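The values are calculated or read from the model by the stated rules, or taken from the named source; none is laboratory data. Please read all numbers here as calculations on a predicted model, not as lab measurements. With ideal geometry, Cβ positions are generated from the backbone for all residues, glycine too; neighbour counts draw on all protein chains shown.
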Amino acid sequence: MLSAGYLIEFIDKNQITVAVVQSARKGRLAILTWQDKQMVLPENRVLWYGNSNLNPAAPRSQLASFLGDLEKQRRELAGRINVKELWELVREEGDLFTTAQLAELVFSPPLSPEMSSAVMRAIFDDRTYFRFTSLGYEPLSLEQIERKFAQKSREEEEKARREEFLRWLKTDSGSEAPAGLVDLLTGWVTHEDAFPAARQVKELISAAGMGGRGQVYDFLIQKGIFRPHEDLTARRENINETFSPEIVAEAGRIALIRPELPCLSGDFFTIDGADTRDFDDALSFIPRPDGGGSLGVHITSLSGLAPGTLIDAEAKQRGTTVYLPDRRIPMLPETLSENIFSLKAGEERAAVSYLADISPQGEIENFRIGENLFRVSRRLTYDEADERIARGDPLLSRMGELCARLRRQRARACYLPLPEVIIEVDENFKVEVKLIARDSPAREMVAETAILANHLHGRYMNANNRACLYRVQAAPKEPWHNSGPDELFANFSKKKFLQRVEISLQPGPHAGLGLDIYAQATSPLRRYLDLLAQRQLLAALRGESLPYGSEDLLTLARETESGLKSAARLRQERQRYWLLQWLRQKEGETVPALVLEQQARAWQILLTPIMFTASVPLQGISAKLIPGQEVAVKILRANPFEDILRLQLE
C-alpha cells in the first residue's frame, strides 16, 4: 500500500514522469508531478515506486524543484542506453527480465533506483525490441521486430503522405494532386460513411479546414476533378457510361446484315421524341373501307448481335438504356444503337414485323409475325404527328381512331393518366420542366401499337409452346375505378394500390393493361430482356432450336436484375436532383400544390408544376387542410446536393 512521501513513476501523455505521493486513500493517490501539477491518480497506474526521505508537507516549490532534478537525471541516464544492444545481449535466452536484471547489464554496480528507471524509460521510448508484461520484459524475436519496423515504416510513409495531402489541399496552386488523394476525396464524397477510409478523409479535411462534404464536392468541381453537377449516383452504382476499347472495336466489326428475306413494301414511319437517335420500332397502317385496317409494328432485328460476345455481356450487365435529364447512357454502343440497327429513315433494315388485322370495333381478327427487309420512309416527332392528326391527316387520323378502339377493348385496364415529366437541362445547367399528356393522340397511338405487338408476341410464343418471359400483374390492392386525366388527386392517390409487375414463365393476367397475356419484345436496342425475347422469336420463326430454355431465361433475368435496379435508382435520384435544382431556381417564389395526406408531423403535398411530392411541417399551419385541396407553397430553400427542400404554406 503506497503512502505519503513515496516516489512514483507513471505514464502521462505518452511519457513516463516522476511524482511524489502527497496523500493516499482507498487506492487513489493525490500526487505532485515534477511539472508542479497536482492530480489524483489511481494506484493501478503506477509503474514504479520507492520510498524516499521527502517530506510531502514541504513547500510545493521545493518538492517540484527536487522532482525536476530527479526527472532530468533519469532522462539523461535513459538517453545513454542503447536498447538494441541490450536486446542483443538477452535475445537468445528467451526469458522474462526484470528492470533490475536489465539494469545490471547496462550499469556498473551498485545500482540505484535512477538506473532501473532509466532502463524502463529507454525501453518505453523505443518499443521495438521488448514487450512489457506484468511479469517483466520479454525480448521480441527477429521476425517480430522486422514486422514492427515494417509497420513503423508504413506509419511514417502514411504520415508523410498525409502532410503532402494537407499541403496540396491548403494551397491554391495548379499542380497535380498527389497520388491517391483524389481517390480518397471522390470516394468519400460519393459513398459517405460507407467508404472504407471515411474516418481518414474526415480527419484530413478537418485538418485542412475544408468543412463538410458539400465543400469538398465544390472543391473537386473547382479543381476540374468533378464535372459541374457530378452524378454521384452513377458513381455509387458503378454504372459504366462509356464502352471499353475492346467493345467499341467489336461493335465496329459488326456489319449491316442483309439476309435473304422478303422485302416488305409500304409506307413505314417512326414516331419518337425530337431527341431520339436509337429507333427500334416503326409503324405502318393500311386502312379498310369498313373502318378496320391492318396495323404493323416493325421492330429492328438484332440477329447480327450473337450471344456470348463482349457486347452481349456488357448489355446484360447494363440491362437497359438509361435516359436522364442531362444525358443518355446506352445499353449498346452507339455504332449499333444509332446506326447499324437503328431504323433510320431511308435506310434498308431487317426487322421483325407484327402485323394484325383489326376490326372496326378494335378486335384482333388475325395476326402474323415474320422477318423481312423494309425501309422507313419518314420520321415524325410526337408533336409533328399530333399536328398532322389535328389537321385531319387521312392515314394518321384513321390509325389513331383504330388505336383508340383497341384501347377500349382493354376496358379492364387500370389506367393512371398522369402527365409525363420532361426535364431539360441546357449547357448552363438551367432546368426547364414540361408536363406532357400521355393521352395525346400520337403518344396514345405509339403506346397502343407497342402493347399490341407485345401482346401478339406473347400469344405466338404461348401457342407454339416456346420458352418466353411473360409479364404479369395482379389486380390492384383496392377496388379500381378509372379516373379522367383531369382528376389529378384521384389518379395520384391510386398509385399505391397497383401491384408490382412480375416476370413469369407462364402467361397470366396483366391488370394494368387489361390483357390475359403479355410479353415485352419491342425495344431490343434499349432493354436486354427484349433482345432475349427477339432471339427466341427469330429461332421459332426459322424453325431452329431456341437459344434459351425456360431456366436459362430465368437465370438471365436474375443476372440482369442488379443492372436494372441500379438504372432505376439512377433515374429516380437524378430526376429528383434536377427537380430540386429547378426548385432552387425558384427560391422565394410561390408554386401551386395539391394536398395529398397528413403524416405524423407534416402534410404531404404534390407540387403540380413538376409532379414532385414534398412535405410541409404541421407546425405553423393554422388553416385546416383537406386531401385534394389546392394550395400555394413558398420555396424557402432547395439544395439538390444535400437533398434538402423547405417549403412554407402561403
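Scan region 494-528 residue by residue and report those that are at negative phi, crowded, with 17+ Cβ neighbours inside 10 Å and not hydrophobic (A, V, I, L, M, F, W, C).
Within region 494-528, 494, 507, 510, 512, 518, 520, 522, 523, 524, 526, 527, 528 qualify.
Residue 587 - would you say it is crowded, with 16+ Cβ neighbours inside 10 Å and either hydroxyl-bearing (Ser, Thr, Tyr) or within 30 Å of residue 650 (Cβ to Cβ) (or both)?
no
Here's a check for you: in region 529-557, which residue that is part of a loop (DSSP other than H, G, I, E, B) and surrounded by 14 or more Cβ atoms within 10 Å (Cβ to Cβ) is nearest to the chain's Cα centre (by Cα)?
Out of the qualifying residues, it is 548.
Just checking, does region 174-190 include any residue being in a loop (DSSP other than H, G, I, E, B), modelled with pLDDT of 90 or more and closer than 30 Å to residue 71 by Cα?
No, that holds for no residue.
Could you tell me whether region 609-620 includes any residue that is within 24 Å of residue 578 (Cα to Cα), small (Gly, Ala, Ser) and within 31 Å of the chain's Cα centre (by Cα)?
yes
Which one is nearest to residue 465 (Cα to Cα), of the residues in region 558-586 that are over 14 Å from the mean Cα position of the chain (by Cα) and of a type in the set (Lys, Arg)?
So, considering only residues that are over 14 Å from the mean Cα position of the chain (by Cα) and of a type in the set (Lys, Arg), the one nearest to residue 465 (Cα to Cα) is 558.
Within region 471-484, can you find the residues that are part of a loop (DSSP other than H, G, I, E, B) and closer than 23 Å to residue 516 by Cα?
474, 475, 476, 477, 478, 479, 480, 481, 482, 483
Considering (1) surrounded by 17 or more Cβ atoms within 10 Å (Cβ to Cβ); (2) among the hydroxyl-bearing types (Ser, Thr, Tyr); (3) in a loop (DSSP other than H, G, I, E, B), say which one residue 116 fails and leave the rest.
For residue 116, the failing item is (3).
Return only the number of the condition from (1) without any contact (Cβ under 8 Å) to a residue 12 or more places away in the chain; (2) assigned to a helix (DSSP H, G or I); (3) assigned by TED's automatic domain parsing to the domain that holds residue 14; (4) of a type in the set (A, V, I, L, M, F, W, C) that residue 150 does not satisfy.
Among (1) without any contact (Cβ under 8 Å) to a residue 12 or more places away in the chain; (2) assigned to a helix (DSSP H, G or I); (3) assigned by TED's automatic domain parsing to the domain that holds residue 14; (4) of a type in the set (A, V, I, L, M, F, W, C), the lone unmet condition for residue 150 is (3).
Evaluate region 361-371: report whether one residue or more is surrounded by fewer than 18 Cβ atoms within 10 Å (Cβ to Cβ), in the same structural domain as residue 534 (by TED's automatic domain parsing), modelled with pLDDT under 95 and not aromatic (Phe, Trp, Tyr).
Checking region 361-371: not a single residue is surrounded by fewer than 18 Cβ atoms within 10 Å (Cβ to Cβ), in the same structural domain as residue 534 (by TED's automatic domain parsing), modelled with pLDDT under 95 and not aromatic (Phe, Trp, Tyr).
For the structure I just gave you, tell me whether residue 92 is assigned by TED's automatic domain parsing to the domain that holds residue 23, assigned to a helix (DSSP H, G or I) and over 14 Å from residue 137 (Cβ atoms).
Judged against the criteria, residue 92 is not a match.
Yes/no matrix, rows are residues, columns are (1) surrounded by 12 or more Cβ atoms within 10 Å (Cβ to Cβ); (2) in contact with a helix residue (DSSP H, G or I) (Cβ under 6 Å, 6 or more places away or on another chain); (3) in the same structural domain as residue 66 (by TED's automatic domain parsing):
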| residue | (1), (2), (3) |
| --- | --- |
| 11 | yes, no, yes |
| 14 | no, no, yes |
| 18 | yes, yes, yes |
| 22 | yes, no, yes |
| 25 | no, no, yes |
| 35 | yes, no, yes |
| 43 | yes, no, yes |
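Test residue 610 against the stated conditions and say whether it is within 22 Å of residue 233 (Cβ to Cβ) and out of contact with any Ser or Thr (no Cβ under 9 Å at 6 or more places or on another chain).
Taking the combined requirement at face value, the residue satisfies it.
For region 195-235, give me the residue count where each residue is part of a loop (DSSP other than H, G, I, E, B), more than 22 Å from the chain's Cα centre (by Cα) and of a type in the set (A, V, I, L, M).
Number of matching residues: 2.
Tell me the residue from 451, 423, 436 that is over 30 Å from residue 583 (Cα atoms) and not aromatic (Phe, Trp, Tyr), please.
451
Could you identify the single residue in 521, 540 that is farther than 21 Å from residue 332 by Cβ, touching a residue at least 60 places away in the same chain (Cβ under 8 Å) and either in contact with a Pro (Cβ under 7 Å, 6 or more places away or on another chain) or hydrophobic (A, V, I, L, M, F, W, C) (or both)?
540
Determine the pairs where a residue that is within 14 Å of residue 9 (Cα to Cα), located within region 116-142, has a partner that is exposed (fewer than 14 other Cβ atoms within 10 Å of the Cβ) with Cβ atoms under 6 Å apart, the partner being 6 or more residues away or on another chain.
From residues that are within 14 Å of residue 9 (Cα to Cα), the pairs are 116/100.
If we scan region 281-289, do we find a residue that is surrounded by fewer than 18 Cβ atoms within 10 Å (Cβ to Cβ), in a loop (DSSP other than H, G, I, E, B) and aliphatic (A, V, I, L, M)?
No, region 281-289 has no match at all.
When you scan region 355-470 for helices (runs of 4 or more DSSP H) that lie fully inside it, which ones turn up with 3 or more residues that are more than 26 Å from residue 527 (Cβ to Cβ), of a type outside the set (Phe, Trp, Tyr) and free of Cβ contacts under 8 Å to residues at least 60 places away in the same chain?
Where helices (runs of 4 or more DSSP H) fall fully within region 355-470 and carry at least 3 residues being more than 26 Å from residue 527 (Cβ to Cβ), of a type outside the set (Phe, Trp, Tyr) and free of Cβ contacts under 8 Å to residues at least 60 places away in the same chain, they are 382-390, 394-409.
Could you tell me whether any residue of region 228-240 is touching a Ser or Thr at 6+ places or on another chain (Cβ under 8 Å), exposed (fewer than 13 other Cβ atoms within 10 Å of the Cβ) and not assigned by TED's automatic domain parsing to the domain that holds residue 644?
Checking region 228-240: at least one residue is touching a Ser or Thr at 6+ places or on another chain (Cβ under 8 Å), exposed (fewer than 13 other Cβ atoms within 10 Å of the Cβ) and not assigned by TED's automatic domain parsing to the domain that holds residue 644.
Suppose we filter region 599-626 for residues that are farther than 30 Å from residue 226 by Cα, at pLDDT 95 or above and not in a strand (DSSP E or B); how many remain?
2
Check residue 255 against each of (1) among the hydrophobic types (A, V, I, L, M, F, W, C); (2) surrounded by 12 or more Cβ atoms within 10 Å (Cβ to Cβ); (3) touching a residue at least 24 places away in the same chain (Cβ under 8 Å) and name the one condition it does not meet.
The number of the failed condition is (2).
What number of residues within region 131-144 satisfy the criterion of being in contact with a Lys or Arg (Cβ under 9 Å, 6 or more places away or on another chain) and of a type outside the set (Ser, Thr, Tyr)?
Going through region 131-144 one residue at a time, the tally reaches 5.
Among the candidates 213, 235, 227, single out the residue that is over 25 Å from residue 334 (Cα atoms) and free of Cβ contacts under 8 Å to residues at least 60 places away in the same chain.
213
Hey, among the residues in region 326-355 that are hydrophobic (A, V, I, L, M, F, W, C) and either on the phi > 0 side of the Ramachandran plot or under 34 Å from the mean Cα position of the chain (by Cα) (or both), which one's surrounded by the fewest Cβ atoms within 10 Å (Cβ to Cβ)?
329
From 61, 52, which residue is exposed (fewer than 11 other Cβ atoms within 10 Å of the Cβ) and hydroxyl-bearing (Ser, Thr, Tyr)?
On inspection, the qualifying residue turns out to be 61.
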